[in-house]
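Chemist: Sending over a structure as structure tokens; questions will come in a sec.
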Amino acid sequence: MKKKTLIPLLFLLIFVLLPAYAQNKKEQVNDFNTPLHLMEPDYNIPYGVPETETIKQDLDRILAYLWEVTPATLVNNRTGEEIKSTDQIDQYTGLKKGDFRLSSYEWGVTYAAMLTAAEATGDERYKTYVMDRFRFISKNRPAFEQVLRDYGTTDPQMRQILKPAALDDAGAICAAMIKASQMDPGMKLEPVIANYMNYIMHYEYRLHDGTLARKRPQMNSVWLDDMFMSIPAIAQMGAMTGESRYFDEAVRQIILFSEKMFVKEKGLFRHGWVEAADRQPNFFWGRANGWALLTLVETLDVLPAHHPGRGEILELLKAHISGLTALQSGDGFWHQLLDKNDSYLETSATAIYVYCIARAINKGWISPVIYGPVATLGWNAVSTKINQRGQVEETCVGTGMAFDPAFYYSRPTSVFAAHGYGPAIWAGAEMITLLNNLFPRMNDNAVQFYHMKQATPAPIFSVGGRTDQIISGSSRKKSNPVLFLIGDSTMKNGTGKGDNGQWGWGAFFDQFFDTTRITVENHALGGRSSRTFFTEGLWDRVLRGIREGDYLLIQFGHNDGGPLHTGRARASLKGTGDESQWVIMERNGGHEEVFTFGHYLRLYIRQAKARGAIPVVLSHTPGNSWEGDRMIRNSETYGKWSKEVAEEEGVLYIDMNDLIAAKCEAMGKEQTTGLFKDRVHTSRDGALLFGKTLIEGIQATPDLHLNQYIKP
């Protein structure tokens, strides 16, 4: 290639590539140019406040899956043909096999969770799932009972219902049936419930002191699991019958279990207790602690407020929740062995804790501020284990009692471990209720729970201020202008909702405008002066939302008199000059430089104009004070100073004080009385009249383009 051709090509490449290089070269992020504390963390699971709609979608996937794989159908086990009539039930009849058993304790949890989900979401499909299967059991039970009498054997699931042989067979499903029967007594579940309860109360093995126990793996072993497999059903029986003996027994069993199993130093329950052991095995298995926590919650749900054992159980619940929250992992899950961080993260225990903590918050038993983020983090973790088919992943399979860690560490997990489904549904349903009851928000990158809505969109904010705070500019429609109002209680009284029958004229001002083209935001606050509206940061919040083409009405004066540094300390210096005075504030000993009334008005005007807005200064409203037939005006003080500042700054001024006074004089002193609730503040009628009078003043000011938005 010739040299004279090569040189232009090099210049062309440099011309094309250099800008691209410059664009691709990113500015280094550092402390000077970036608020590093607001950088997005790299979470392993979703972090933040979940949407209730998203939670419902997760639950719906589980429901759809369970409808598909748990048929309430009878079949002939020899031919596979469906049995459609109870007359056809014989020794060869069984429940059609699905992925899960309809009469297991795990499904008792699932049924109870479904009922909660129906209540939380309003979706009757969850309730229908339960009622259909309970009616199926109730309808077919007598025929299977006859088969068992005739042949000594029957379908294993039905035998478990007819002849429970362990608490696992009876307690969880009994508790769910009691709840369902109270919703729909027509299901005729009473014989099934009575059979279950008879076994729990009279036939389950017990220790000498009455504690429900087992003879495995060692004689006189107490399993933590058995708290849930018995006590909630007993408590529910008390709620259904009103008989105190059931409540008394439920409380007694909780105390007996906790005396043997609860380790106060850790705030956790051990999984097993053996009567003959001089040192008890301290394995804090996750799901067993879930069963214990669930027992406390379920019991407190129905235990009468006056029951003498209620306080002790509530304190046990709080201690247990405190111990558990300290062991939550950074990913939101809890470990298989709670205090062993090298054991795997387990879904079912995590879901149970989420439900119980959220439920305790919703019931007012524990603080949402402290525990709301714990439940939220836990739910976000659980939601990642609900796959697209609706299966719950990473759930530990059924687990016996052991005395070595390897047993717990090595328990398999499976999507067919039925233990995960009820807890996941229960957790999601209670989280929906929690999110609907409270107002969680991200604040400084962290989930925080609040009792009232926090209106600010700021990423970091303080709380405890106004509950009626409007976010500046939040009313803006597309690129339309906003009319901002700043002032005192004569513009917005109290919360702006007619407190004590008093209204500010700004409360109704939007009705005079075509709000499809302009919106009105009333940012006034009672008790504020030109000085304190600025020094308290109220103006800064308004200024953030002001854009080019907006309008700003400024009205102060009512509160600008009085002491400079004592009491309410809101006065400005009189006049419009540049003088100032340093004062020591009585309320906090701080120093403040106080300026003139005119100085503060100039700040509002100049800063609004700098943003391209159109400020308009108003004189303050007259009070219901008269000299003969003439209403007293402010034309020699704040009205005069407002006008002077407006003229100096080249903005429009409307003498609202004089316009209203003239209208009141035309009405007469007696008629004017109904416009005021006291000497200064107006009634609804007064506020409407004052607003209408200002509209007339605006219309009489042809240079004010705000006129174009006034309704004809």
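Chemist: Yes or no: segment 421-428 includes at least one residue that is crowded, with 19+ Cβ neighbours inside 10 Å, more than 30 Å from Phe461 (Cα to Cα) and more than 29 Å from the chain's Cα centre (by Cα).
Modeler: No.
Chemist: I would also like to ask the following. So in segment 204-240, with the set limited to residues that are among the polar types (S, T, N, Q), out of contact with any helix residue (DSSP H, G or I) (no Cβ under 8 Å at 6 or more places or on another chain) and on the phi < 0 side of the Ramachandran plot, which one is most open to solvent (accessible area, probe 1.4 Å)?
Modeler: Gln218
Chemist: Can you tell me which residues in segment 508-524 are buried (at least 22 other Cβ atoms within 10 Å of the Cβ) and among the aliphatic types (A, V, I, L, M)?
Modeler: Ile518, Ala524
Chemist: Scanning for something in contact (Cβ under 8 Å) with a residue 40 or more places away in the chain, of a type outside the set (Phe, Trp, Tyr) and surrounded by fewer than 17 Cβ atoms within 10 Å (Cβ to Cβ), does segment 168-177 turn up at least one residue? Step through it out loud before you land on a result.
Modeler: Pass one, segment 168-177, residues in contact (Cβ under 8 Å) with a residue 40 or more places away in the chain: 168-177.
Retained after the next criterion (residues that are of a type outside the set (Phe, Trp, Tyr)): 168-177.
Among the residues that remain, those that are also surrounded by fewer than 17 Cβ atoms within 10 Å (Cβ to Cβ) are: none.
There is no residue in segment 168-177 that is in contact (Cβ under 8 Å) with a residue 40 or more places away in the chain, of a type outside the set (Phe, Trp, Tyr) and surrounded by fewer than 17 Cβ atoms within 10 Å (Cβ to Cβ).
Chemist: Identify, from the list Thr54, Thr79, the residue that is of a type in the set (S, T, N, Q), under 25 Å from the mean Cα position of the chain (by Cα), over 26 Å from Gln182 (Cα atoms) and open to solvent by 30 Å² or more (accessible area, probe 1.4 Å).
Modeler: Residue meeting the stated conditions: Thr54.
Chemist: Exactly one of these conditions fails for Pro281: (1) at pLDDT 95 or above; (2) in contact with a strand residue (DSSP E or B) (Cβ under 8 Å, 6 or more places away or on another chain). Give me its number.
Modeler: Only one criterion in (1) at pLDDT 95 or above; (2) in contact with a strand residue (DSSP E or B) (Cβ under 8 Å, 6 or more places away or on another chain) is unmet by Pro281, namely (1).
Chemist: While we're here: Residue by residue through segment 471-488, note down the ones that are in a loop (DSSP other than H, G, I, E, B), touching a residue at least 40 places away in the same chain (Cβ under 8 Å) and in contact with a strand residue (DSSP E or B) (Cβ under 8 Å, 6 or more places away or on another chain).
Modeler: Passing the criteria: Ser472, Gly473, Ser474, Ser475, Arg476, Lys477, Pro481, Gly487, Asp488.
Chemist: Next question, about the same structure. Anything in segment 72-94 that is of a type outside the set (D, E, K, R) and outside any loop (DSSP other than H, G, I, E, B)? List them, or say none.
Modeler: Leu74, Val75, Asn76, Ile83, Thr86, Gln88, Thr93, Gly94
Chemist: While we're on this one: Could you please find all residues in segment 559-575 being under 42 Å from the mean Cα position of the chain (by Cα) and aliphatic (A, V, I, L, M)?
Modeler: Of everything in segment 559-575, those that are under 42 Å from the mean Cα position of the chain (by Cα) and aliphatic (A, V, I, L, M) turn out to be Ala569, Ala571.
Chemist: Mind checking which pairs have a first residue in segment 199-215 that is under 14 Å from Glu249 (Cα atoms) and a second that is open to solvent by 70 Å² or more (accessible area, probe 1.4 Å) and assigned to a helix (DSSP H, G or I), Cβ under 8 Å, 6 or more apart or different chains?
Modeler: Gly210/Arg252
Chemist: Now a separate question. What's the number of the only condition in (1) in a strand (DSSP E or B); (2) of a type outside the set (Ser, Thr, Tyr); (3) over 30 Å from Ala700 (Cβ atoms) that Leu553 fails to meet?
Modeler: (3)
Chemist: Can you spot a residue in segment 292-302 that is farther than 18 Å from Arg359 by Cβ and among the hydrophobic types (A, V, I, L, M, F, W, C)?
Modeler: No; the residues of segment 292-302 include none that is farther than 18 Å from Arg359 by Cβ and among the hydrophobic types (A, V, I, L, M, F, W, C).
Chemist: Could you go through segment 415-436 and let me know if any residue there is closer than 26 Å to Ile386 by Cα, part of a helix (DSSP H, G or I) and among the polar types (S, T, N, Q).
Modeler: Looking for residues that are closer than 26 Å to Ile386 by Cα, part of a helix (DSSP H, G or I) and among the polar types (S, T, N, Q), one finds at least one in segment 415-436, hence yes.
Chemist: Look through segment 437-470, keep the residues that are among the hydrophobic types (A, V, I, L, M, F, W, C), in a loop (DSSP other than H, G, I, E, B) and touching a Gly at 6+ places or on another chain (Cβ under 7 Å), and return whichever of them is surrounded by the most Cβ atoms within 10 Å (Cβ to Cβ).
Modeler: Once the filter is applied, the top-ranked residue is Phe449.
Chemist: Kindly evaluate Glu259 against the criterion of being closer than 21 Å to Asp339 by Cα, at pLDDT 95 or above and surrounded by fewer than 14 Cβ atoms within 10 Å (Cβ to Cβ).
Modeler: For Glu259, the condition - closer than 21 Å to Asp339 by Cα, at pLDDT 95 or above and surrounded by fewer than 14 Cβ atoms within 10 Å (Cβ to Cβ) - is met.
Chemist: Only one of Ala292, Ala319, Ala288, Ala305 is of a type outside the set (Val, Ile, Thr) and part of a loop (DSSP other than H, G, I, E, B); which?
Modeler: Only one candidate qualifies: Ala305.
Chemist: Can you tell me which of (1) surrounded by 21 or more Cβ atoms within 10 Å (Cβ to Cβ); (2) of a type in the set (D, E, K, R); (3) more than 18 Å from Leu293 (Cα to Cα) is the one Arg389 doesn't meet?
Modeler: So Arg389 meets the others, but not (1).
Conditions tested, residue by residue: (1) touching a His at 6+ places or on another chain (Cβ under 7 Å); (2) assigned to a loop (DSSP other than H, G, I, E, B); (3) within 17 Å of Asn289 (Cα to Cα).
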{"position": "Gly332", "(1), (2), (3)": "no, yes, yes"}
{"position": "Tyr353", "(1), (2), (3)": "no, no, yes"}
{"position": "Ile366", "(1), (2), (3)": "no, yes, no"}
{"position": "Ile370", "(1), (2), (3)": "no, no, no"}
{"position": "Gly378", "(1), (2), (3)": "no, no, yes"}
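Chemist: Would you check if Ala250 is of a type outside the set (S, T, N, Q), at pLDDT 95 or above and open to solvent by less than 40 Å² (accessible area, probe 1.4 Å)?
Modeler: Yes.
Chemist: In segment 624-681, how many are touching a Leu at 6+ places or on another chain (Cβ under 7 Å), farther than 30 Å from Ala613 by Cα and hydroxyl-bearing (Ser, Thr, Tyr)?
Modeler: 0
Chemist: Hey, another quick one. Within segment 566-591, count every residue that is out of contact with any helix residue (DSSP H, G or I) (no Cβ under 9 Å at 6 or more places or on another chain), open to solvent by 30 Å² or more (accessible area, probe 1.4 Å) and part of a strand (DSSP E or B).
Modeler: Count: 4.
Chemist: Given the structure, is Asp225 closer than 20 Å to Gly398 by Cα and of a type in the set (Asp, Glu)?
Modeler: yes
Chemist: Here is a further query. Within segment 197-212, is even one residue more than 27 Å from Ser258 (Cβ to Cβ), part of a helix (DSSP H, G or I) and of a type in the set (S, T, N, Q)?
Modeler: Among the residues of segment 197-212, not one is more than 27 Å from Ser258 (Cβ to Cβ), part of a helix (DSSP H, G or I) and of a type in the set (S, T, N, Q), which makes the answer no.
Chemist: Can you tell me which residue among Ala118, Ala166 is over 24 Å from Asp225 (Cβ atoms) and aliphatic (A, V, I, L, M)?
Modeler: Values: Ala166 fails: over 24 Å from Asp225 (Cβ atoms).
It is Ala118.
Chemist: Suppose we filter Val397, Val382, Val415 for residues that are open to solvent by less than 40 Å² (accessible area, probe 1.4 Å), within 27 Å of the chain's Cα centre (by Cα) and aliphatic (A, V, I, L, M); which single one remains? Walk me through how you get there before you give the answer.
Modeler: Working: Val397 fails: within 27 Å of the chain's Cα centre (by Cα); Val415 fails: within 27 Å of the chain's Cα centre (by Cα).
The match here is Val382.
The values are calculated or read from the model by the stated rules, or taken from the named source; none is laboratory data. On a predicted model such as this, the values are computed, not experimentally measured, just so you know. With ideal geometry, Cβ positions are generated from the backbone for all residues, glycine too; neighbour counts draw on all protein chains shown. Ligands, DNA and RNA are stripped out before the accessible areas are found, and what is left, the full protein with its side chains, is counted by its heavy atoms. Shrake-Rupley method; radii C 1.70, N 1.55, O 1.52, S 1.80 Å.
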